[in-house]
1. Would you check if Thr20 is more than 21 Å from Val91 (Cβ to Cβ), open to solvent by 10 Å² or more (accessible area, probe 1.4 Å) and either over 20 Å from the mean Cα position of the chain (by Cα) or of a type in the set (Asp, Glu) (or both)?
2. One residue is enough: does the range 53-64 have a residue meeting the conditions open to solvent by 10 Å² or more (accessible area, probe 1.4 Å) and either within 23 Å of Gly299 (Cα to Cα) or among the charged types (D, E, K, R) (or both)?
3. Looking at Thr307, Thr285, Thr337, which one is free of Cβ contacts under 8 Å to residues at least 24 places away in the same chain and open to solvent by 40 Å² or more (accessible area, probe 1.4 Å)?
4. When Ala62 is evaluated against the numbered criteria (1) on the phi < 0 side of the Ramachandran plot; (2) touching a strand residue (DSSP E or B) at 6+ places or on another chain (Cβ under 6 Å); (3) not in a strand (DSSP E or B), which criterion, by number, is the only one it fails?
5. Of Val160, Val178, which residue is farther than 28 Å from Val25 by Cβ, β-branched (Val, Ile, Thr) and buried (at least 16 other Cβ atoms within 10 Å of the Cβ)?
6. Keeping to the range 240-267, report how many residues are open to solvent by less than 50 Å² (accessible area, probe 1.4 Å), within 27 Å of His198 (Cβ to Cβ) and in contact with a Gly (Cβ under 6 Å, 6 or more places away or on another chain).
7. Of the residues that sit in the range 131-176 and are part of a strand (DSSP E or B) and of a type in the set (Gly, Ala, Ser), which one is modelled with the highest pLDDT?
8. Looking at the range 182-223 only, could you name the residues that are within 16 Å of Ile159 (Cβ to Cβ), outside any helix (DSSP H, G or I), open to solvent by less than 40 Å² (accessible area, probe 1.4 Å) and not small (Gly, Ala, Ser)?
Amino acid sequence: MTTQTNSQTLLTPLMMGDLTLKNRVFMAPMTRSRAGTERMPNAMMAEYYAQRAGAGLIISEATVISKQANGWLNTPGIYSDEQTEAWKQVVDAVHSKGTPMFLQLWHCGRASHSSFHENSQLPVAPSAIKLNQEYVHTPIGKQPLETPRALETEEIPGIVEDYRLAAERAKSAGFDGVEIHGANGYLIDEFLQSKTNHRSDRYGGSLENRFQFLKEIVESILTVWPANRVGVRISPNGNFNDMGSPDFRETFIYVAQQLNNYGLTYLHVMDGLAFGYHELGEPMTLAEFREVFTSTLIGNCGYTQETAETAIQAGNADLIAFGRPFMSNPDLVERFTNGYPLNPPADVKIWYSFDKEGYIDFPTYQQSPVKVS
C-alpha cells in the first residue's frame, strides 16, 4: 500500500527564467566516472540521465573545461569537438523526456596531480598551498598530494577564456544552460576563499579581488548565454578538499550579492552539512542567501522529501537538489509523488566503478521484487 505524498509544493511546476520546470526536484551534479580515459560522453551516460529525467531540471556531472582542469579519473570533458558531439546523445536522451539539462563547468585546481597533466606539470591554484589530505586517485594509482603551482597573473585570462569556450561548446551540444562550479574546493572556490587565496595581485587580498576571477568567468560566459541560462554553485559550509575559511560568512554573502547583480537564473547553495562541515561558525542558511539573492535559489545536500518541502514552503528555496537519492532511485520523483519507499543507498564502492553496475541497473519501483507477506 502506498501513501499519497503531501509535497504540495515540491512537486509543482516552476518558471525558472524562461524555462518551465515540471517540478522543483533538481538532479544535483554528481561525479560518476563513466566517461573513460578519453573523457568522452557515451550511450551508457545517456541512459543514466534519461532514467532520471523525472527531475524538473538535471545538472550534468562536473565536466572539465580544459586538459589543465583535469583532476579526477574518467570524468567527461567539454574541450574538444569530439566531446561536444558526444554530449549531444546525452542531451537528446534527456530532452526526449521533456526535461531541461544544464552542463556544469569544472576546473579542479589544486585538487589534482601532475600525473593528470601533459609533461607532468603541477596542478595550478591561486596560491602554492597544498591540500591537506592523505592522497588523491590518479592515473598511476593513489598518490600523495603535491604543492600546486600558483598561477601567474597573465595566465588567468586564458583560463577565463577556457570557461567561455566550454560554455560555447555546451551550447553547440544542445544544453539548455550552464552551471559554473564554484564549490567544493575546486579552482573558483580556491580563489574565493581566504584560506587558499594568498595572492597580492588584483585576484587576491580583498573580498572584491578574490571575487574577481569568478566575476570575469561570469561576464565571459554571459557573452555566450543569456543570464537566465547561467547558474552558479557555491559551498559556504563545506570542508571538502580541505576548505573552510574563518571569514566564510562575509565572503559568501558578498559573493551572492555580487552575483545577484547579473540577473543569473539561479544560485545553487550547498547549505546542508552531509558533505562535510568546516565548523568555523554557525552554518550558513538558505534564509541568509534569500535576503541578498533575488532570483531562483536552490538548496542542496542531505535533504529528504519532507525537509525539501519545508524549505520551499518557508520561502527559503525555490528548488531542492537531490544527489545520492537519485543514484539508487532513477524514478525518485515518481516515488516522491506516490509515497513509494526508496531503494537502499548505493554502496560507495560502485559510485565510481567505471561500469554499468551501480549506475544504470537500479530498479524502478514497478521493477522491484514484490514482497509477499
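The values are calculated or read from the model by the stated rules, or taken from the named source; none is laboratory data. Everything numeric in this text was worked out from a predicted model, so none of it was measured. Cβ coordinates were reconstructed from backbone atoms using ideal geometry, including for glycine residues, and neighbour counts include every protein chain displayed. With ligands, DNA and RNA removed, areas are computed over all heavy atoms of the protein, side chains included. Shrake-Rupley method; radii C 1.70, N 1.55, O 1.52, S 1.80 Å.
1. On the way: more than 21 Å from Val91 (Cβ to Cβ): no; open to solvent by 10 Å² or more (accessible area, probe 1.4 Å): yes; either over 20 Å from the mean Cα position of the chain (by Cα) or of a type in the set (Asp, Glu) (or both): yes.
For Thr20, the condition - more than 21 Å from Val91 (Cβ to Cβ), open to solvent by 10 Å² or more (accessible area, probe 1.4 Å) and either over 20 Å from the mean Cα position of the chain (by Cα) or of a type in the set (Asp, Glu) (or both) - is not met.
2. Step one: of the range 53-64, the residues open to solvent by 10 Å² or more (accessible area, probe 1.4 Å) are 54.
Checking the rest, the ones that are also either within 23 Å of Gly299 (Cα to Cα) or among the charged types (D, E, K, R) (or both) come to 54.
Yes: one or more hits.
3. Values: Thr285 fails: free of Cβ contacts under 8 Å to residues at least 24 places away in the same chain; Thr337 fails: free of Cβ contacts under 8 Å to residues at least 24 places away in the same chain.
The unique qualifying residue is Thr307.
4. Ala62 satisfies every listed condition except (3).
5. Step by step, each of Val160, Val178 is checked, and only Val160 is farther than 28 Å from Val25 by Cβ, β-branched (Val, Ile, Thr) and buried (at least 16 other Cβ atoms within 10 Å of the Cβ).
6. The number of residues fulfilling the criteria is 2.
7. Among those that are part of a strand (DSSP E or B) and of a type in the set (Gly, Ala, Ser), it is Ala150.
8. Answer for the range 182-223, where residues must be within 16 Å of Ile159 (Cβ to Cβ), outside any helix (DSSP H, G or I), open to solvent by less than 40 Å² (accessible area, probe 1.4 Å) and not small (Gly, Ala, Ser): Tyr186, Thr196, Asn197, Arg199, Asp201, Tyr203.
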